[in-house]
Structure formats: C-alpha cells, structure tokens
C-alpha cells in the first residue's frame, strides 16, 4: 500500500481523500436504498404489519390517512422518489470520481512520457521503444482503471456490506449469522485459491503484450530487410505465439471472473435452504418475513460480493503496473520550456579533457580529449568506425553528458542551466534525417506551430538547400505530405530537408554527422556542394562535419582525425 500511495502525486493526494469521502457517501446512499425497501416488504406481506410496526404506525397516524391501502400507496411512491433522488446523487458523486480517475491517468501518462524523454539519448538507445510506448500509452490507463478504481470499488462495496450486516444483526441475528457464515467463507476461499495465480497471469500477459508490440514495430520499421531476407514467416510465428499466449491468459482470467457469480449464487441457495430448515424445525418463526429480509439483503449483498471479488481479481491481475509507474515516481522532471533564447557564441567551443563512457562499458570511449572550434571555422572530423565520432557530436549537442571534463561556449561551461539555449543555436543533420508523418513545410519548420511558420524564411532555406526544383514536382508544393519517415522521398531529398531544417533555425553552428554517407556519388557530391556554398556564403557560420571520405571534407579549414 505504501508503494501504491507513493505513485499518487502530491497534488492529487488531497483530491484522493475527497474521492474516498464520495465513495463512503455512495455506500451510505446505497444502504439507504436497501433500507427503504423494508417498509414495502412489510406492506406486501400483510398490511396489518403497519399497526405492529412502531415506525410505520407513527407515520400512518401523522399522515392521518383513512385506510391502510392509501398509506401503502403513499409509502410506495415515497420509496420510488427516494430511490430516484438517491441514484441521481450517486451519479453526481460518481462523476467527480470519474473526473479524478482520468485526470490522474493523464498526469501519470504525461509524467512517464516526460520522464523517459528526460532520461536522455543513452537511456532511449538502451531501451526497447515498443515497451516504452506501451508503458506511456497503456500501463497508466490500466493502473487507474484496473488497480485504483477496483480499490475504490472494494472500499465502497465493503462499507455497504458492513452496514447491511449491522442492520441485519440488529433486526434478525439469525439472518445476519447465516449471511456472514455463507458469504465470508466464499470470499476467503476465492482469495486463497486465486491470489498467486492472478498475479502470475497478469505478469505473463504484460510480457506477451510487450513482445507483440515489439514484433509489430520491428516488422513495419524493417519491412524491406524482412521481406528480402524472407524473415516474415519467423516474425509472424513469434507474433502468433505471443497472441496465443495472450488469448490463453485472457481465457483463464475470464474463467476466474465467472467464479464469484457461481460461488455467490450457490451461497444464496444455501442461505434460503438454511432458513427453511430452521423454520420447519421450529427454530424460527415468521418464515415469510425472514425470507423476504434475507432476499432483500441478498439482492444487494450478492452483487457487492461479486464486485469485490472481481475488483480484487483485477488488482492482482494488473499489479505489475505499480512497479512500472514507481520508476518515475521520485524523478525530478525538467520543466518544459518553449523559449527561443540562445547562448552567446562569438568566439569558440572548447572541449577540455573530455572523457565519456557508457554505463555498461568497461573502458571509456573517449578520454582526455581537448579540442577548440573557432567561430566561423569549417572543421572536418574523420576516423575509423567505432572510434567515437558520433559520440563526440552527441556531447557537443548536449545529448550526452561528459563523464569527465567539460565543454565551454565562449568560456561558459555547458550545463543543465544553459543547455537548452545552446541547442537553440545548433543546426544538426544526421546520417538519416528524422522525418515526421507530416507535410514538407512542417518538416522544415520542425517544432513550430502551423500558425507560427515563417514562410519567407522557409522559401529562403528551400533555395539554399537546393529543394526548389524538387518541390515544383510535388502536387501540393511545400504542403505535400511526404509519408512516415519520409517514405515518399529519396535519400538525397531527405538530407536536403535536414539541411533546410537546420538553416530555418538561423543556427550559429551546423553539425553534419555523415550526412552523405548513405547517398550515391552524384547525390553526395551535390549535397557536399550545397554545404560548401553555405560555408562560402556565410563566413560567420561554423560548420563541423563527420565523414569517412576525404572528398567530403575538401571545403574544411582543417581536419581532425580521431584514433
């Protein structure tokens, strides 16, 4: 319970107590609804019961009615009115609980989304994105609907059962003892038999669902390789196996879900049988009244017991979500800022005795690296694969943090307080430029709301990136959708869009991470010429390029070789 409470954010804890109060109030209202049926039962059995009932006779005399039949009509109409008001009140209370539940779902889902993002590039690369996707979009919802909501249900229904039992105990101890003697063992037996099995089923389904998500994501992301390599039959086999596992587990859970109804119906039959036997043996009188009271109580007790057992089943089944959400409970989230403020960059970038190693690495990838890049300089970086060229870029970009040493911009150390300002000053073109499933202009003005796009600037960078001729062939020009991950464009066009995106920012420094390595020679030469033209047309623009081939670095002022 402590771990569960720790997941609830501080700003939701007071509303949580308010929701508990509404749950208790709903339970009391439900008890009132059951209690109001007792006068109707007495009237149905025998209208003469009015005279023998202290409360009914007092009410009858107060109303000053002429016949018991008139009084019966008034009582029935009153009960209907009370039940109507009660249910309206319960609906209003439930609405507040519903709003709380889905507000908490939104908060937890957004927190996971931000939490994973804030952990940085290293965490994301080491994680399975299909699992992260499921955690953000599914696990939070399952937690509030499959754990918190059932807890609230157990609390409310449990209180209602307690109130009904107390009332039965005061009115007819025999009926109360029979009810408790039948229903309590049912609940205890269900708990003892199913608690471990349900937990195991829930954890196994979570693993199977993650496997399915991973296979689907990999299939569509790697379609060409999977098709050419003839790997789809194996992928489909694994997907089908995971689906079979999910179906098998769901069947088991559905079967367990039917047990409460079976147990409670058998319990009801046993209760009625016990009352009849006691009456026949002379142990109790007025069998009709006792059966009626037991039936009214059972009408509400049985659904409550079934609901409690089903809710407990849901909690055990979805218990794994608690561990997932606990990961981000105490994590400090970086505030989301939409500022265009930049760090001053007038002189140079200095890397002083930089070292870097990944968490699971035994030796540093970079060590004691010192480097100065002056403003307006064109610097090429080359070296063998795996030597740390891209890692060096990720350090300069602020995507990784040095394990030793520091990076300085005009003598100011790069840290958490100014890294966003520095990234606002950088344009970055990777080997495979990220393309969203949107229009070409949305990919150039990346991160801008549609209403805030500067179309004059867009047209300028289209010219600079030599995209004009390509755009003239598109059916809707710059507003043409170019497909998920740029599926409707070529590799060269993708890289030019990346250059246009970097230029749209009016960046002070452009970083090209093997931006032409995947292109054919002609396209590579065209892209390199475009970069060279940029360098010659704006001498204040700093350009740093990673490339394998010397020919891609001919326009650089100097070339650094990493070893």
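Here, each number is a calculation from the coordinates, and none is a lab measurement. The structure presented is a predicted model; accordingly, all values stated were derived computationally and were not measured. Positions of Cβ are backbone-derived with ideal geometry, glycine not excepted, and every protein chain shown enters the neighbour counts.
Please order 143, 102 by the number of other Cβ within 10 Å, starting at the fewest.
Ascending Cβ contact count within 10 Å gives the list 102, 143.
For segment 348-562, what is the convex hull (Cα atoms) projected area averaged across all directions, in square nanometres? Can you show the working numbers first?
Details: hull surface 49.6 nm².
Directional mean of the projected Cα hull area for segment 348-562 stands at 12.4 nm².
Using r as the Cβ-Cβ distance of residue 106 and residue 525, and R0 as 56 Å, what FRET efficiency do you calculate, to the nearest 0.05? Intermediate values should be presented prior to the final figure.
Values: r = 51 Å, r/R0 = 0.90.
Here the calculated transfer efficiency is 0.65.
Highest mean first, what order results for 375-386, 470-481, 392-403 on Cβ atoms within 10 Å?
Numbers: 375-386: 17.0, 470-481: 13.2, 392-403: 19.2.
Listed from highest to lowest mean packing, they are 392-403, 375-386, 470-481.
Return 345, 434, 512 ranked ascending by Cβ neighbour count within 10 Å, so the fewest neighbours appear first.
434, 345, 512
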